[in-house]
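What follows is a single structure, written as structure tokens, with notes after it.
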Amino acid sequence: MYSISAAKIENAKKYISDASSIYFINILNGEADGIIWADQKVNPRLLMIWSEYQKGFQLMGKALSQNEWPNFYKWYEDVIIPFLKRKEIQEFECGADHAALAEMLQGVFANQAIKCEKQKIFYHNGEQVSIKEPIGYKYERVDSKFLSKDYLNRSYITDEIELAYGSYAHYLRKGYGYAAIKDNEVVARAIMSFSFNQQDNISVDTLEKHRRKGLSAYLVSKTIEETIRLNHTPIWDCNEYNIASEKTAQKCGFQMIREDDIYWFGIK
């Protein structure tokens, strides 16, 4: 496998399917921070992509034949394990765009104690939902004016923007979102973090002590208003065990369209 830049991949669209994750599509398009490895430098069949945002990998393209699996595993030992250790990550996590790639992934790592979790993908139904505004907070659009202010925990929101967009300038050209403020502290946020083909992925978070007050749902509803004004489709994803996130999605008008398998195991 060879490290290759997105700009060097001809006709990147051929690697993208309806089941491709928006996080990894954005790396393939050169829109997000990550690393692309390919089985060959010219006209690669298989891509394995690392997302700095997700801290995980995705297989895209065509599966390798079974007699190529040992070389792939050797490359994993020589390159990927040291890569993860440098980042102080103790698990290898990887998704696959289709069944043949999932079969390859499980076959290559058959000697590992592989676990599998579901990542739920939601699309919005297109109808704006009215969410009651929680009292006691100030709400602001996350724009250039917002980013110029000196909040106590400014990094809570700026770190997310930099991780998703790479720079404020890139975010301000394409991104949007809303935040809740209390006592000069950002306590919750909902941001359009990734976009592809007029589908805008919304990420949301609320500080622990301000949860279960309706902040997430309210901020998401405000963000959805903007997505719909752009004639884009809001999308959402969460781990199968994140019940709170799924309930917020449903409350805001999202409907689950599929579940993606995410495989992982601890590295030695």
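The values are calculated or read from the model by the stated rules, or taken from the named source; none is laboratory data. Small disclaimer: the values here were computed from a predicted structure and weren't measured. Virtual Cβ from ideal backbone geometry, glycine too; neighbours counted across all protein chains shown. All accessible areas refer to the heavy atoms of the entire protein, side chains included, with ligands and DNA or RNA removed. Shrake-Rupley method; radii C 1.70, N 1.55, O 1.52, S 1.80 Å.
Here are some notes:
- Listed values for region 151-160 are Karplus-derived 3J(HN,Hα) couplings in whole Hz (6.51 cos²θ - 1.76 cosθ + 1.60, θ = phi - 60°), namely 6, 4, 10, 3, 5, 4, 9, 6, 4, 5, and x replaces Gly and Pro.
- Candidate residues 124, 98: accessible-area rank, largest first, probe 1.4 Å: 98, 124
- Averaged over its residues, region 1-135 has an accessible area of 53 Å² per residue, based on protein heavy atoms and a 1.4 Å probe.
- In a reduced charge model with +1 at each Lys and Arg Cβ and -1 at each Asp and Glu Cβ, the chain shows a dipole moment near 420 debye about its Cα centre.
- Sparse-neighbourhood loop sites, chymotrypsin sites (Phe, Trp or Tyr not before Pro) in region 212-262 - DSSP loop, at most 12 other Cβ within 10 angstrom: 241
- In whole percents, the pair-distance distribution calculated for region 100-256 from its alpha-carbon pairs, binned every 10 Å from zero, is 10, 37, 32, 14, 6, 1.
- Cα gyration tensor of region 8-84 - equivalent ellipsoid semi-axes, whole Å, descending: 20, 16, 11
- Spatially proximal lysines relative to residue 132 (Cα-Cα < 22 Å; intrachain offsets below 8 disregarded): 182, 209, 213, 222, 247, 251
- Accessible surface of region 159-260 [probe 1.4 Å, protein heavy atoms]: carbon and sulfur percent: 45
- Among beta bridges that DSSP assigns inside the chain, antiparallel share in %, nearest 5: 90
- Proximal lysines relative to residue 13, as straight alpha-carbon distance under 16 Å, when same-chain residues fewer than 8 apart are discounted: 62
- Span per principal axis, largest first, for the Cα atoms of region 137-225 (Å): 35, 25, 18
- Convex hull volume per residue, computed on the Cα atoms of the chain, equals 134 Å³.
- For region 1-147, Kirkwood radius (reciprocal of mean inverse C-alpha pair distance, Å): 17.6
- For region 96-165, pairs of C-alpha atoms spaced more than 18 angstrom apart make up 69 percent of the total.
- The slack in the chain from residue 231 to residue 138, taken as 0.36 nm per residue of separation less the alpha-carbon distance, amounts to 30.7 nm.
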